[in-house]
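See structure below.
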Amino acid sequence: MAKATKAKKAAAPKKAAAPKTTKPAKAPSPKEVLMEKYTTDLKEKVGETRSDMALLEAAVKACGPTIYKADSATVAASDKEELGRIKKGFIAKKLGVTDEAKADAAIADAVAKYGKSVRAKHRPVMYYLIAKALKKGSVLKG
């Protein structure tokens with residue numbers, strides 16, 4: 001009789017293990033979405049295949065919350081007042097370059113690399129290019 005109960009237990013179907021549930025993929029943050037745009041711009045419009053991501057991150061940080069506002073997220077390269085603000089607020093204050101000629105040359109270089117035909121020049125990408133032109137990436141990162 002003992003053998004019969006063992007046979008019944010062995011024949012009893014095993015319960016299927018509950019399928020493991022995976023957490024849904026986390027949606028990217030607004031900053032991550034913007035960073036993707038900036039790296040795409042650097043690759044496609046500027047031609048940089050290997051961007052300095054730490055410098056780009058520092059440029060985004062230097063921009064602050066302006067990257068989330070439609071009007072201030074881009075730079076109007078044809079607006080002399082805007083370029084003056086970049087020269088005064090970013091190049092002089094953040095990077096510490098007070099030489100007007102160097103600042104103007106860096107801005108012109110950044111505009112040329114980005115392309116004059118590109119109307120919406122993302123501010124962090126412009127800051128990135130200006131810092132690289134002035135060789136002040138370490139100042140911005142640090």
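Structure values in brief
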read-out	value
14 Å beta-carbon shell around LYS141, net charge (K/R +1, D/E -1)	+3
Of LYS43/LYS94; LYS26/LYS87; LYS69/LYS94, those spanning more than 29 Å from alpha-carbon to alpha-carbon	LYS26/LYS87
Flagged links, alpha-carbon separation over 20 Å, of LYS61/LYS116; LYS31/LYS121; LYS93/LYS132	LYS61/LYS116
Solvent-accessible area per residue, Å², over the range 88-142 with all protein chains present [probe radius 1.4 Å]	53 Å²
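The values are calculated or read from the model by the stated rules, or taken from the named source; none is laboratory data. Just so we're clear, the structure is a prediction, and the values are computed from it rather than from any experiment. Neighbour counts run over all protein chains shown; Cβ positions are idealised from the backbone, glycine included. Heavy atoms of the whole protein, side chains included, go into the accessibility calculation; ligands, DNA and RNA do not. Shrake-Rupley method; radii C 1.70, N 1.55, O 1.52, S 1.80 Å.
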